[in-house]
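K.L.:
Handing you a structure now.
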Amino acid sequence: MSSLFTSLTIRGITLKNRIVVSPMCMYSSTDGMANDWHLMHLGSRAVGGAGLIITEAAAVSPEGRITPDDLGIWKDEHVPGLQRITAFLTAQGAVPGIQLAHAGRKASTTSPWNGSHVVPATGGGWQTVAPSAVPFHAGQPTPTALTQAGIDQVVADFRAATLRAVAAGFQVLEVHAAHGYLLHAFLSPLSNTRTDAFGGSFENRIRLLRQVVETTRAAWPAQLPLFVRISATDWTEGGWTAEDSVALAIILQELGVDVIDCSTGGNVPTAAIPVGPGYQVRFAEKIKRETGLLTGAVGMITTATEAEAIVASGQADLVLLAREMLRDPNFPLHAAQELGVDVAWPNQYARAKPRP
Ligand SMILES: Cc1cc2nc3c(=O)[nH]c(=O)nc-3n(C[C@H](O)[C@H](O)[C@H](O)COP(=O)(O)O)c2cc1C
């Protein structure tokens, strides 16, 4: 019996296995539009047998994009392209998920293959926003601290994006509150030095995420699961900690969040991160153990045996893979074979299925 290939029902949705395609920016959109690249990229991973496929960070507003080439969900024109993708993923037996995001002070950069440089205003760049006027890197343009009206707009943007995600046919919604982007920047005392109701105490720093989760949960159908991705630690003295993450998770659970997707880091460029196989799994394990919430483990999980062990030992309920899914879109089919599980291959590919 494989735990990795056991189905999981969350609210009204059943995932056929515990393998999740982790959100991955493709930097391949024009004006936020999903196109053939996104259909092929996400579609081939559905053909490859993943239970849940979460799109890259989809920006809830144009200024919430990391790069001008990011996927977007800030206007109704984005819906048909996304719908084409959800229809295909669903037809392949995968559950389509979308990650909603605002890049905050890490916005307005070029794609990695163009050097991840700041985009100048003359080149289509924009003024970034953040909890406080503190740049991510010394030498980067200083973000504008959001006003109360700006904060209200962010919450409204997440709500409107959620309604568009429903219209586009997504069945899992993930709020991106990790990796130093806007919501994480509010959580961490290293990036949030505000003195109003959104800064200072733990309760104040989590206020924006709380409001975003309340508004998305209210706009997202009750039978559909809501995930939140967090950076469970800043890996930096004086920053956000694993204990903060547990306290936050308890509150998110009360607000109707179903899964905490446990990543780490991204808010401090100098953080010393002990990167290695499964290095973030212990945060998913801790939050699951101390809150009873479902968790997702992510980060340098690359083999069927590792993924199986994480679920079988109860460290996490879901295993998210990013780069390994780029190396091998058929990872789930290969993992099933390695673990001795008989899963269905797409009819079109059935003649290639290894026989026992
Ligand atoms: C090309 C690429 C793009 C990524 N884009 C996102 C993203 O849009 N949202 C996000 O939360 N994480 C993003 N990540 C992080 C991954 O989801 C994942 O957390 C990280 O790569 C660690 O998992 P891995 O070791 O399996 O690659 C990205 C990673 C890669 C490699």
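Read-outs throughout are calculated quantities, based only on the coordinates presented, and are distinct from any laboratory measurement. Because the structure is a prediction, the values reported are computed rather than measured. In this analysis, Cβ positions are derived from the backbone assuming ideal geometry, glycine residues included, and neighbour counts consider all displayed protein chains.
K.L.:
Using Cα positions and a limit of under 14 Å, work out the aspartates and glutamates in reach of Lys353, with same-chain residues fewer than 8 apart set aside.
P.N.:
Straight-distance partners of Lys353: Glu338, Asp342.
K.L.:
Could you name the lysines in cross-link range of Lys286, using Cα to Cα under 23 Å and dropping any fewer than eight places away on the same chain?
P.N.:
Straight-distance partners of Lys286: none at all.
K.L.:
What does the charge count near Pro329 come to, summing +1 for each Lys or Arg and -1 for each Asp or Glu among other residues with Cβ under 15 Å from its Cβ?
P.N.:
Summing Lys/Arg as +1 and Asp/Glu as -1 gives +1.
K.L.:
List Ile287, Ile251, Ile10 from most exposed to least, where exposure is judged by having the fewest other Cβ atoms within 10 Å. Before the final figure, lay out the partial values.
P.N.:
Details: Ile287 27, Ile251 16, Ile10 21.
Going from least to most buried by this count: Ile251, Ile10, Ile287.
K.L.:
Any idea how far the Cα center of the stretch 141-156 sits from the one of the stretch 244-311, in Å?
P.N.:
28
K.L.:
Shape verdict for the chain, please, from the Cα gyration tensor: rounded (a/c under 1.5), prolate (a/b greater than b/c) or oblate.
P.N.:
Prolate, since a/c reaches 1.5 and a/b exceeds b/c.
K.L.:
Something else now. Less than 13 Å Cβ to Cβ from Phe5, Lys/Arg counted +1 and Asp/Glu -1: what total charge do the surrounding residues give? Could the numbers behind the result be given before it?
P.N.:
Numbers: positive: Lys16, Arg18; negative: Glu308, Glu338, Asp342.
Taking every Cβ under 13 Å from that of Phe5, the sum is -1.
K.L.:
Cα axis of helix 281-291 to longest principal axis of the chain: angle in degrees, 0 to 90, nearest 10?
P.N.:
80
K.L.:
Only four residue types carry charge here, +1 at the Cβ of Lys and Arg and -1 at the Cβ of Asp and Glu. Report the dipole size of the chain about the Cα centre in Debye, rounded to the nearest 20.
P.N.:
Its charge dipole is roughly 460 debye.
K.L.:
To the nearest 10 degrees, how steep is helix 148-167 against the longest Cα principal axis of the chain, on a 0 to 90 scale?
P.N.:
Here the helix axis deviates by roughly 20 degrees.
K.L.:
Also, quick follow-up: Please report the antiparallel percentage of the DSSP beta bridges confined to the chain, to the nearest 5.
P.N.:
Numbers: 4 of 39 bridges.
In the chain, approximately 10 percent of DSSP beta bridges are antiparallel ones.
K.L.:
Could you work out the helix-only [θ] at 222 nm for the chain, with each DSSP H run of four or more residues adding -39,500 (n - 2.57) and the total divided by the number of residues, to the nearest 500 deg cm²/dmol?
P.N.:
Calculated from helices alone, the mean residue ellipticity at 222 nm is -9500 deg cm²/dmol.
K.L.:
Compute the acute angle (0 to 90°) between the alpha-carbon long axis of helix 36-47 and the principal axis of greatest extent of the alpha-carbon atoms of the chain; round to the nearest 10°.
P.N.:
50
K.L.:
Test of understanding: ordering Arg282, Arg105, Arg207 by Cβ neighbours within 10 Å, fewest first, what list do you get?
P.N.:
Starting with the residue having the fewest Cβ neighbours, the order is Arg282, Arg207, Arg105.
K.L.:
Relative contact order, percent, of the chain when contacts are C-alpha pairs under 8 Å separated by at least 6 residues? Walk me through the numbers on the way to the answer.
P.N.:
Details: 783 pairs, mean separation 59.1, N = 356.
The value is 17 percent.
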